[in-house]
Amino acid sequence: MHIRIAVIGGGSWGTTVAHLAAHRVPTVLWARRSEQAEEINEHHTNDRYLPGFQLHPDLWATDDLREAVRGADVIVMGVPSQGFRSALEQVAEHVRAWVPVLSLTKGLELGTRLRMTQVVNEVMPGHPAAVLTGPNLAKEILAGDAAAAVIATHDPVVAQHLQQIFHQQLFRVYVNRDVVGCEVAGSLKNVVAIAAGMADGLGRATTQRRL
């Protein structure tokens with residue numbers, strides 16, 4: 001598969017997705033700090049976010065955004081929602097036309113309440129926008145636990161190509177055309193998880209009082 005991936009964001013999830021992609025295609029990870037990029041290239045680790053885990057040896061990292069994206073066939077955005085637009089604006093200065101943009105970011109943009117694919121459509125019109133989302137934990141995936149995710153986009157051809165890149169034996173990737181539903185579900189899942197945790201905690205406290 002002659003595709004080159006650029007992942008923007010060297011946090012735990014961005015690094016994990018870059019690690020997965022590196023199994024299939026040439027992948028570069030953009031990290032803001034030069035020492036982080038050097039660590040990934042020299043030691044194949046990212047101890048600040050993923051201590052104790054080895055990354056794919058073919059994963060390459062750089063702190064030069066232009067170098068990371070200028071030859072990319074797919075841009076993967078793994079930055080937090082509050083910095084998503086500004087990072088994407090910098091990417092847009094160097095990326096080729098019509099390159100798909102895949103968001104890993106959960107949440108809505110502060111102030112506008114836009115979903116990340118909507119931000120992509122505003123900042124980089126003409127570039128296919130997609131989202132990868134699911135109940136995933138970076139450390140569990142790197143540990144080899146089975147996991148699943150969905151890629152949602154309105155373009156079925158783009159969805160198929162992205163699925164081939166990220167789908168692996170223990171990381172199953174499905175496709176969906178409901179972009180809004182997938183992004184909203186990803187944004188709300190933390191709210192539901194917190195509420196469930198609070199309900200569980202209240203239940204345990206009530207049981208202990210009865211005992």
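The values are calculated or read from the model by the stated rules, or taken from the named source; none is laboratory data. Just so it is clear, the structure is predicted and the values come from calculations on it, not from any experiment. Note that each Cβ is placed from the backbone with ideal geometry, even for glycine, and that neighbours are counted across all protein chains shown. The area values use the complete protein model at the heavy-atom level, side chains included, leaving out ligands, DNA and RNA. Shrake-Rupley method; radii C 1.70, N 1.55, O 1.52, S 1.80 Å.
Please compute the modelled spin-label separation between Gln164 and Arg70, points set 7 Å along Cα→Cβ, answer in nm with one decimal.
In this crude label model, Arg70 to Gln164 measures out at 2.8 nm.
Through the Karplus equation 6.51 cos²θ - 1.76 cosθ + 1.60, θ set to phi - 60°, convert the phi angles of segment 66-79 into ³J(HN,Hα) values in whole Hz; use x for Gly and Pro.
Values, residue by residue: 4, 4, 5, 9, 5, x, 6, 9, 9, 9, 10, 9, x, 9 Hz.
Provide the net charge surrounding Ala72, with neighbours chosen by a C-beta distance below 15 Å and charges set as Lys +1, Arg +1, Asp -1, Glu -1.
Working: positive: Arg4, Arg24, Arg66, Arg70, Arg96; negative: Asp64, Glu67, Asp73, Glu93.
Its environment carries a net charge of +1.
What's the carbon and sulfur percent of segment 5-129's accessible surface, probe 1.4 angstrom, rounded to a whole number? Don't skip to the end; give the middle numbers.
Numbers: 2600 of 5520 Å².
Its accessible area is 47 percent carbon and sulfur atoms.
Where in the chain are the helices, taken as whole DSSP H runs, whose Cα atoms extend 30 angstrom or more along the long axis and whose Kyte-Doolittle mean reaches at least 0.0? It would help to have the intermediate numbers written out before the result.
Values: long enough: 179-210 (46 Å, 0.40).
Within the chain the helices that satisfy the rule are 179-210.
Give me the 1.4 Å probe accessible area per residue for segment 49-144, excluding ligands and nucleic acids, in Å². Walk me through the intermediate numbers first.
On the way: 4520 Å² over 96 residues.
Counting only protein heavy atoms, the per-residue value for segment 49-144 is 47 Å².
Once you place label points 7 Å from the Cα toward the Cβ at Ala146 and Arg32, how far apart are they in nm?
Calculated label separation equals 3.8 nm.
For Gln90 and Val175, what does the FRET efficiency come to when R0 = 25 Å and r is the distance between their Cβ atoms, rounded to the nearest 0.05? Before the final figure, lay out each step's value.
Working: r = 29 Å, r/R0 = 1.16.
Step by step, r from the Cβ atoms, then E = 0.30.
Taking springs between alpha-carbon atoms closer than 10 angstrom, which of Pro57, Pro128, Pro100 fluctuates most in the Gaussian network model of the chain?
So, out of Pro57, Pro128, Pro100, the one fluctuating most is Pro57.
Please check: in the Gaussian network model of the chain (C-alpha springs, under 10 Å), which one of Gln169, Gln118, Gln90 has the largest mean-square fluctuation.
So, out of Gln169, Gln118, Gln90, the one fluctuating most is Gln169.
Tell me the mean residue ellipticity at 222 nm calculated for the chain from its helices only (DSSP H runs of n ≥ 4, each -39500 (n - 2.57), averaged over every residue, nearest 500).
Calculated from helices alone, the mean residue ellipticity at 222 nm is -13500 deg cm²/dmol.
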